[in-house]
Amino acid sequence: MEILVCVKRVPDTAENEIEVRKDGTDIVRDDLVYSVNEWDNYAVEEAIQIVEKVGGSVTVVTVGDEDSEEVLRREMAMGADNGVLLSDPAFVGSDGKAIAGILKAEIEKGNYNLIFTGAQADDGAGQVGGMLAAMMDVPYASLVNHIEVLDDKKLKVGREIEGGNQEMHEIDLPCVLSIQTGINEPRYVGIRGIRKVASVEIPVHGASDIGIAADAVGAGGAKVKLVDYFMPELGEGAEMLEGSTEEIVDKLIELLKAKGGLK
Amino acid sequence: MAGQIFAYIKHNEGVAEDSALELVAAAKKFAAGAAVTAIVTGSNVDALCNDMAASYQEVWKIDNDALSYPNAEVLRKVLLNILPNDAVILIPHDTFGMDLAPGLSIKIDSPFVSDIVDYEVEGDTLKAIRQEYSGQAHTHVECDISNGLVANIRPGVFQPDESKGVSGQVIDKSADTGDLTTGRHFLEIVEAEAGDVDITKSDVLVSIGRGIEDEENIEIAQELADAMGAVVSCSRPIVDAKWLEKSRQVGTSGQTVKPKVYLAMGISGSFQHLGGIKGNPFIVAVNKNPKAPIFQVAEVGVQADILEFMPELTEKIKGL
Ligand SMILES: Cc1cc2nc3c(=O)[nH]c(=O)nc-3n(C[C@H](O)[C@H](O)[C@H](O)COP(=O)(O)OP(=O)(O)OC[C@H]3O[C@@H](n4cnc5c(N)ncnc54)[C@H](O)[C@@H]3O)c2cc1C
């Protein structure tokens with residue numbers, strides 16, 4: 001199985017307090033901790049496990065700037081065989097559709113049977129996988145939390161739906177799957193693993209290398225334009241308990257008693 | 001002028017989900033009085049179509065045994081066959097909408113806006129509000145909808161419009177579906193397993209999120225829960241890490257709970273998590289990030305490290 005996994009470098013929302021720039025053009029990027037998108041890590045692990053079972057190779061690809069190379073290396077340290085960085089000033093500001101188009105152009109240069117994306121990334125849109133499948137005219141399944149290779153033409157997949165129930169399908173290869181967290185337990189990557197891949201060559205492909213017209217992508221080519229970032233007018237929100245920890249604990253206990261929270 | 005407006009009706013074997021009437025409200029953001037067409041697919045959906053005709057000016061019925069389970073790969077083809085190219089289609093942003101919509105937007109060649117929490121329409125321009133970074137920042141996005149739009153609307157943000165009183169017309173489009181073969185065949189639903197405790201039965205939940213940091217620290221939450229006579233529940237990352245059973249997960253892909261009191265400990269407050277909390281409980285949030293979205297929905301908040309705060313609370317309660 002030749003598997004391609006699309007990954008993204010994102011600000012780690014568990015590690016950062018996100019703030020919006022005063023001019024609204026972006027979030028404040030100084031001092032942000034970045035990591036690989038949580039969902040993508042599960043996708044790479046799943047790809048590696050499939051290849052361990054049935055053979056083949058795992059390639060990780062990302063659209064991003066030079067800093068994105070670090071997430072490719074991290075996923076290669078996990079066990080992905082190859083990495084490809086799709087990078088071009090023309091790509092900056094692309095909407096989801098343009099990102100899917102860029103990925104498709106790269107995919108067509110290879111010979112992949114199976115393509116993974118994470119179910120969603122930092123913008124919460126969850127759109128690239130489904131768009132990519134439609135552009136390639138291959139079947140798609142989102143939120144996949146179970147994969148079984150039936151033969152070289154078919155997979156059995158489970159999609160996680162509401163209530164944690166699972167929707168089982170048989171899906172033809174080649175196909176695109178978006179991977180949901182919890183499908184596996186992504187392996188730990190240590191410093192030694194990172195060191196081992198530190199000097200592996202990672203090819204960088206720009207717009208002309210993959211036959212993408214520069215004006216079809218990027219902020220100019222976006223059909224859906226990002227106007228600004230903002231912090232919403234906050235409603236009343238929670239009453240914040242202030243004081244020493246002891247005072248806060250006392251107040252909270254009174255409230256809990258009143259609301260039936262203590263037996 | 002934007003094209004005809006459609007709403008995709010999600011239902012469980014003929015029983016409409018909440019989103020069906022939420023989309024009535026959402027569609028009112030278009031020009032006042034604009035007619036909206038509900039699309040109802042499935043088998044034996046006559047009763048549902050008649051129901052929807054009380055809320056939508058037009059209902060397109062697509063009745064076919066092959067559509068009895070909503071397989072998004074099949075329904076995408078159906079929609080492509082029946083929708084006009086410049087259709088504006090509203091779809092709930094749930095696990096079905098996430099499966100269906102991005103690909104539909106490519107096939108029908110219209111812009112796609114995902115997980116919309118609010119929007120306005122000015123002329124041919126959609127101005128939508130979305131959230132990024134797990135709800136920690138909001139964005140305005142815009143697109144031209146004169147050639148159509150696929151819009152996924154977040155469940156629960158629009159109040160269902162129960163006014164009814166429309167006498168819409170049901171139009172049978174069942175003959176227009178075209179070829180339904182796809183490369184993805186639905187097999188069955190495997191129901192989530194029941195676990196050791198039923199968190200839906202508890203009036204008081206001590207719910208932990210990624211802020212618990214380590215599997216060993218779950219003990220700290222368990223001690224607090226024991227002191228309170230409560231049960232420990234959690235957010236998704238705790239289950240993904242296999243620290244607690246899936247049956248303890250609160251949220252759209254976990255359990256729906258209706259406790260009296262909900263303690264959100266180190267939980268950021270994603271909409272998928274909040275989607276599992278019903279019945280307006282008294283929510284207390286403890287989080288070290290004062291800007292965590294959970295503080296917007298909690299009644300009472302404490303900015304603190306849960307690993308230090310929980311033991312203090314436990315001690316004091318034990319001493320009562
Ligand atoms: C289709 C789909 C379905 C989903 N279904 C669900 C679902 O059913 N349930 C669910 O929960 N999620 C669900 N999710 C995931 C959801 O989007 C979020 O990723 C998840 O809810 C985040 O969990 P969290 O709040 O625990 O973690 P985070 O968002 O990482 O938040 C952790 C919080 O803890 C705080 N914190 C960290 N350390 C400490 C400390 N020591 N003391 C105090 N505070 C601390 C941080 O400030 C942060 O606010 C779903 C996602 C998708 C795509």
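The values are calculated or read from the model by the stated rules, or taken from the named source; none is laboratory data. As the structure is a prediction and not an experimental result, all values here were calculated from the model. Glycine also receives a Cβ, built like all others from the backbone with ideal geometry; neighbour counts cover every protein chain displayed. We work out accessible area using only protein heavy atoms, side chains counted, and drop any ligands, DNA or RNA first. Shrake-Rupley method; radii C 1.70, N 1.55, O 1.52, S 1.80 Å.
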Query raised in the report: Viscosity 1.306 mPa s, temperature 10 °C: Stokes-Einstein D of the protein assembly as shown from its Kirkwood Cα radius, in µm² per second?
Result: 64 µm²/s
Query raised in the report: Ordering B:ARG76, A:ARG29, A:ARG195 by how much accessible area each has at a 1.4 Å probe, largest first, what is the list?
Result: A:ARG195, A:ARG29, B:ARG76
Report summary line: Of all C-alpha pairs within the range A:78-180, those more than 22 angstrom apart amount in percent to 34 percent
**Report entry** Reduced Cα scattering model of the range A:2-221, Debye log10 I(q)/I(0), q = 0.07, 0.13, 0.16 Å⁻¹
**Finding:** -0.21, -0.74, -1.14
Query raised in the report: Roughly how much of A:MET136 is accessible, in Å² to the nearest 10, using a 1.4 Å probe?
Result: 50 Å²
Report summary line: A correct Stokes-Einstein calculation for the range B:265-320, using the alpha-carbon Kirkwood radius, 25 °C and 0.890 mPa s, returns a whole-number D in µm² s⁻¹ of 203 µm²/s
Report summary line: The Cα extents of chain B along the principal axes, largest first and rounded to whole Å, are 69, 42, 38
Query raised in the report: For the range B:1-54, what is one quarter of the convex hull surface built on the Cα atoms, given in nm²?
Result: 3.8 nm²
**Report entry** Along principal axes, Cα extents of the range B:123-177, largest first, whole Å
**Finding:** 44, 30, 25
Requested in this report: Only Lys, Arg, Asp and Glu count, each charged at its Cβ (+1, +1, -1, -1), so figure out the dipole size of chain B about its Cα centre, rounded to 20 debye.
Outcome: 440 debye
Query raised in the report: Say a site is exposed when it is one of the GluC sites (Glu not before Pro), sits in a DSSP loop, and has at most 16 other Cβ atoms within 10 Å; what is then the longest site-free stretch of chain A?
Result: A:109-200
Report task. Mind jotting down the distance between the C-alpha centroids of the range A:70-132 and the range A:214-249, whole Å? Result -> 26 Å
Requested in this report: Take the Cα radius of gyration of the range A:69-136 and divide it by 2.2 N^0.38 Å, with N its residue count; two decimals is plenty.
Outcome: 1.15
Report task. Obtain the radius of gyration and the Kirkwood radius of the range A:155-249 from its C-alpha atoms and give Rg over Rh. Result -> 1.13
Report task. May I ask for the distance between the Cα centers of the range B:154-227 and the range B:9-37, given as a whole number of Å? Result -> 19 Å
Query raised in the report: What base-10 log of the normalised intensity I(q)/I(0) is obtained for the range B:38-108 from the Debye formula, alpha carbons as equal point scatterers, at q = 0.14, 0.26, 0.27 Å⁻¹?
Result: -0.43, -1.36, -1.39
Query raised in the report: Over all residues in A:222-233, what is the mean tally of Cβ atoms on other chains that come within 10 Å of each residue's Cβ?
Result: 6
Query raised in the report: When N counts the residues of the range B:5-176, how does its alpha-carbon radius of gyration compare numerically with 2.2 N^0.38 Å, as a ratio?
Result: 0.97
Query raised in the report: Which percent, to the nearest 5, of DSSP beta bridges fully inside the range B:5-176 are antiparallel?
Result: 40 percent
Query - Rounded to the nearest 10 Å², the accessible area of A:TRP39 at probe 1.4 Å - result: 50 Å²
Query raised in the report: Going through the range B:171-277, which trypsin sites (Lys or Arg not before Pro) have at most 15 other Cβ atoms within 10 Å and a DSSP loop state?
Result: B:LYS242, B:LYS260
Report task. Using a 10 Å cut-off on Cβ to Cβ distances, tally the other chain neighbours for every residue of B:181-193 and report the average as a whole number. Result -> 6
**Report entry** P(r) histogram, all alpha-carbon pairs of the range B:83-216 included - 5 Å bins from 0, percent
**Finding:** 2, 7, 11, 14, 15, 15, 13, 10, 7, 5, 2, 0
Query raised in the report: Counting pairs of alpha carbon atoms under 8 Å apart in space and at least six apart in sequence, what relative contact order in percent does chain B give?
Result: 15 percent
Query - Estimated dipole of the protein assembly as shown in Debye, rounded to 20 [Cβ of Lys and Arg +1, of Asp and Glu -1, Cα centre] - result: 600 debye
Query raised in the report: When the Cα atoms of the range B:199-319 are enclosed in a convex hull and the volume is divided per residue, what value in Å³ results?
Result: 88 Å³
Query raised in the report: Which percent, nearest 5, of DSSP beta bridges in chain B are antiparallel?
Result: 25 percent
Report task. Quick one: work out the % antiparallel among DSSP beta bridges in the protein assembly as shown, nearest 5. Result -> 35 percent
Report summary line: Checking B:ILE153, B:ILE267, B:ILE189 against a Gaussian network model of chain B (alpha-carbon springs below 10 Å), the top fluctuating residue turns out to be B:ILE189
Query raised in the report: Which value, in Å² and to the nearest 10, is the accessible area of B:ASP226 when all protein chains are kept and the probe is 1.4 Å?
Result: 100 Å²
Report summary line: Filtered hits (lysines, Cα-Cα < 24 Å from A:LYS22, offset >= 8 within chain) -> A:LYS225, B:LYS127, B:LYS288, B:LYS291
Report task. Could you pull out the longest piece of chain B with no exposed loop GluC sites (Glu not before Pro) in it, calling a site exposed if DSSP puts it outside H, G, I, E, B and it has at most 12 other Cβ atoms within 10 Å? Result -> B:14-161
Report task. Please arrange B:LYS10, B:LYS107, A:LYS156 by accessible surface area, largest first, computed with a 1.4 Å probe and ligands excluded. Result -> B:LYS107, A:LYS156, B:LYS10
Query - At most 12 other Cβ within 10 Å, DSSP loop - trypsin sites (Lys or Arg not before Pro), the range B:15-69 - result: none
